[in-house]
C-alpha cells in the first residue's frame, strides 16, 4: 500500500514528464475519481493508505492519460456552465469556448426585442448547449439535431439526468425537414480535413465526425445555411455558430452568398480569436 502523499508526487511527475499541461490538477482529478473521494480529501488526506487493487486501477488510468486519452473520457464527466455532464469517446468534449456561445445567446435573448419560440441546436453531441439553455430560458421550445446514433445515446443520458424536455432528433441537417425555427445555434465540425493530422493527440482521440469540416472546413456550415434558406425559409431571426479563425474567409463568403440582406458579425472569444459568427436582422 502507498499513501496519498507518495502517490500525488509519483503520478504528478509521470504526467509532467509526459507533457500533460495541467498535470497537477489532473492527478488530483484521477485520484478523486479512482478513490471516490472529493478533491479536497485528495489534497488534505496525505496519510490515507491506498490498497493494491486501487493502485492497479489508478496505474491503468494514468497510462491511458499518458497515451493521449482525454481526462473526461476516463472519468466520463465534464463540467459545463457549472453543471456536470456525462461524456464518452462518442462525443466532442465540451469546451470553454462553447460556454461563451451559450452565454452570448442568453445575453442576446434577454436584451433583444425578438421573442421567438423554437430553438434548434445542430450537432448537439452530448446535449450540453440546449440543456443549459433550457435551464436559463425555460419558456423556449428546444430541438437538438445529431446525426451520430452513438452521440444521441449520450445526449439521452444527459437529458434524463438533467430532467430536460428537449426534442432530440437523430438526423443530418442536410436531410432535415424541421422548419419554423426562430433561433439556430451550432458548434459544428470546422477543422479542415488536411489539418486534422496536426491536432494535439488528445483532440485526435475525439470523434472525427465532430471535428472534420471537410476540405475547406465549412461543409456542415454550408449545409446549415442551405437548410435555413430552403427548408426553414430564412425564418431564423438569430443564428449563432462557433467557428475557427482559419475558416474566416470561407465563412464570410458563405454568409455573403446566403445572407446578403442580414447583419453578419464575426465575434472574438476571450482570447481575442475570431470564434463565432452571428446573423441577425438589421
Notebook entry, point to check: What number goes with the only condition from (1) in contact with a strand residue (DSSP E or B) (Cβ under 9 Å, 6 or more places away or on another chain); (2) in contact (Cβ under 8 Å) with a residue 24 or more places away in the chain that residue 73 does not pass?
Noted result: (1)
Checklist line | Residues within segment 184-217 that are more than 22 Å from residue 87 (Cα to Cα) and buried (at least 18 other Cβ atoms within 10 Å of the Cβ), tallied | finding: 4
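Would you check if residue 228 is closer than 19 Å to residue 120 by Cα, more than 20 Å from the chain's Cα centre (by Cα) and part of a helix (DSSP H, G or I)? So that I can check it myself, show each step before the final result.
Details: closer than 19 Å to residue 120 by Cα: yes; more than 20 Å from the chain's Cα centre (by Cα): yes; part of a helix (DSSP H, G or I): yes.
It is true that residue 228 is closer than 19 Å to residue 120 by Cα, more than 20 Å from the chain's Cα centre (by Cα) and part of a helix (DSSP H, G or I).
So which of 17, 47 ends up being in contact (Cβ under 8 Å) with a residue 40 or more places away in the chain and loosely packed, with under 15 Cβ neighbours inside 10 Å? Don't jump to the end; show me each part of the working.
Working: 17 fails: in contact (Cβ under 8 Å) with a residue 40 or more places away in the chain.
One residue alone meets the criteria, 47.
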Margin query: Tell me whether segment 160-179 contains one or more residues that are farther than 25 Å from residue 230 by Cβ and modelled with pLDDT under 95.
Written below: no
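Yes or no, residue by residue, for (1) closer than 24 Å to residue 279 by Cα; (2) at pLDDT below 95; (3) in contact with a strand residue (DSSP E or B) (Cβ under 8 Å, 6 or more places away or on another chain); (4) not assigned by TED's automatic domain parsing to the domain that holds residue 237:
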{"residue": "119", "(1), (2), (3), (4)": "yes, no, yes, no"}
{"residue": "139", "(1), (2), (3), (4)": "yes, yes, no, no"}
{"residue": "191", "(1), (2), (3), (4)": "yes, no, yes, no"}
{"residue": "201", "(1), (2), (3), (4)": "no, yes, no, no"}
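Based on what the data block shows, is residue 242 crowded, with 18+ Cβ neighbours inside 10 Å, in contact (Cβ under 8 Å) with a residue 60 or more places away in the chain, within 24 Å of residue 110 (Cβ to Cβ) and touching a strand residue (DSSP E or B) at 6+ places or on another chain (Cβ under 8 Å)? Show your work before the answer.
Details: crowded, with 18+ Cβ neighbours inside 10 Å: yes; in contact (Cβ under 8 Å) with a residue 60 or more places away in the chain: yes; within 24 Å of residue 110 (Cβ to Cβ): yes; touching a strand residue (DSSP E or B) at 6+ places or on another chain (Cβ under 8 Å): yes.
When the stated conditions are applied, residue 242 passes them.
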Notebook entry, point to check: When the residues of segment 249-282 are filtered to those that are in a loop (DSSP other than H, G, I, E, B) and in contact with a strand residue (DSSP E or B) (Cβ under 9 Å, 6 or more places away or on another chain), which remaining residue is surrounded by the most Cβ atoms within 10 Å (Cβ to Cβ)?
Noted result: 259
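The values are calculated or read from the model by the stated rules, or taken from the named source; none is laboratory data. The structure displayed is predicted, hence computed values, not measured ones. With ideal geometry, Cβ positions are generated from the backbone for all residues, glycine too; neighbour counts draw on all protein chains shown.
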